[in-house]
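Working notes for the structure below.
Values quoted throughout were computed directly from the atomic coordinates according to the rules given, and no laboratory measurement underlies them. All figures in this text were calculated on a predicted structure; none of them were measured in a lab. Glycine gets a Cβ as well: all are built from the backbone with ideal geometry, and neighbour counts include every protein chain shown.
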Amino acid sequence: MFRRIFWLLNQYSKTYAKGMPSSWVTYLLLSVNGLVFIAMEFAGGSTSSQVLINFGAMFGPYIEAGQYWRLFTAIFIHVGWYHLVLNSIGIFIFGRISETLFGPYKFILIYVLAGLFGAVASYIFSPISVAAGASGALLGLVGALSGFFLTMYKDPNARKNLYGLLFLVAINLLFGLAPGIDNWAHIGGLVTGFFLGYFLTPVSGFLHPGFEGFYVINKFKNSFTRYAAIFIVVFAILGGIWLGNVTLPTSTTTEVLKAEKFLKDRNYTAAIKNIEKAIELGTLEEKNFVGRAYFLRALIMVEYGNLEEAKSDLGSALLIADSETRSKSIELLTELNN
């Protein structure tokens with residue numbers, strides 16, 4: 001059945017867009033994903049949380065701290081070979097078809113905006129998880145194709161393609177209920193892709209029975225409605241980032257990142273409050289950040305001249321912090337002892 005669906009999609013794209021340029025953007029995306037993955041493997045492994053963070057994976061506290069670029073970079077990062085291969089197959093199939101039907105520029109617009117909104121949805125509903133992957137962008141392509149074939153329903157093959165895509169969406173969302181899968185990113189990308197695909201598709205004047213209500217919108221689609229649709233998606237992404245920021249749960253990580261901001265401004269009083277809150281909230285899962293909190297407090301104690309307290313905090317940091325913070329702690333402790 002899947003072979004039949006993919007065959008129909010390919011046949012339709014070849015018939016509809018004969019003479020269009022080759023799918024160079026699709027192959028570029030696949031190449032970037034592959035190169036990033038190889039680099040991650042050499043850096044310590046794509047399944048390592050620290051490597052994922054270092055390469056730009058999403059992590060709520062970092063995003064709230066101002067690292068919004070992670071919403072974009074996470075689209076090109078994958079966790080393990082299986083994740084990369086599965087998404088690459090999907091991009092290879094649906095990417096080439098989408099790029100042929102929409103053209104390279106609309107295609108990359110759909111891919112990026114769907115990926116960003118999927119990342120924002122993940123940020124809102126799974127803010128403390130380390131998340132990455134092109135799944136939101138990929139589902140955005142599937143959604144865009146669904147919007148395309150809904151407006152092109154006059155063609156019998158378009159009708160079959162629409163049914164096939166809806167079936168694939170249902171299967172994907174069911175699998176997305178399994179643990180460890182970011183279904184919110186899938187849903188966010190899918191909805192965004194469908195919305196953009198519908199408005200970026202040329203007017204067809206014919207719709208699926210039961211969807212005649214769409215005809216009013218379909219009839220008046222023009223440059224203004226296309227730009228309005230893009231604006232709405234961008235506005236939704238910005239609004240989602242704001243919502244994610246204000247609903248982010250307080251944790252050791254968030255408090256440490258806030259403290260670091262205050263330290264840069266030499267606002268030690270405010271930094272101390274966040275550091276003590278971080279230590280109070282400390283859990284085993286966040287022990288590295290608890291260690292960093294002790295190190296930051298040691299820095300402040302040095303500024304205050306409380307060297308014994310600084311040494312005590314450095315000792316705590318050495319026990320539980322990550323390797324980078326331990327190195328800094330050893331360096332500072334050596335300076336204090338000398």
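Numbers at a glance
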quantity	calculated
Dipole magnitude (debye, nearest 20) for segment 252-337, charges at Cβ of Lys, Arg, Asp, Glu	180
Cβ crowding within 10 Å averaged over residues, with 284-297, 72-85 ranked highest first	284-297, 72-85
Placed amide H near residue 181: partners under 5 Å, 5+ positions off or other chain	none
Relative contact order for segment 252-337, counting Cα pairs under 8 Å that sit 6 or more residues apart, in percent	24
Rounded to whole Hz, the Karplus (6.51, -1.76, 1.60) HN-Hα couplings of segment 53-62, x for glycine and proline	4, 4, 8, x, 5, 6, 8, x, x, 5
For 325, 252, order by how many other beta-carbon atoms lie within 10 Å, fewest first	325, 252
Ranked by how many other beta carbons lie within 10 Å on average, peptides 187-199, 55-67 from highest	187-199, 55-67
Backbone HN-Hα couplings from phi across segment 321-336 [Karplus 6.51/-1.76/1.60, Hz, Gly and Pro as x]	6, 6, 4, 5, 5, 4, 4, 5, 5, 5, 4, 5, 5, 4, 5, 5
Two-site label geometry, residue 276 and residue 171: point separation in nm, points 7 Å out along Cα→Cβ	5.8
Cβ-Cβ FRET estimate between residue 32 and residue 181, R0 fixed at 22 Å, reported to 0.05	0.45
Distance between modelled label sites at residue 247 and residue 336, nm, 7 Å Cα→Cβ extension	4.2
Within-12-Å neighbourhood charge of residue 79 [Cβ basis; K, R +1; D, E -1]	-2
Local net charge near residue 123, Cβ-Cβ under 10 Å (Lys/Arg +1, Asp/Glu -1)	0
Segment 252-337 - Kirkwood radius from inverse mean 1/r over Cα pairs (Å)	12.3
FRET efficiency, residue 311 to residue 47 (Cβ-Cβ, R0 30 Å, nearest 0.05)	0.20
Length gained when the stretch residue 224-residue 24 is fully extended (0.36 nm per residue, less Cα-Cα span)	69.2 nm
Calculated FRET value between residue 231 and residue 327, using beta carbons and R₀ = 56 Å, to 0.05	0.75
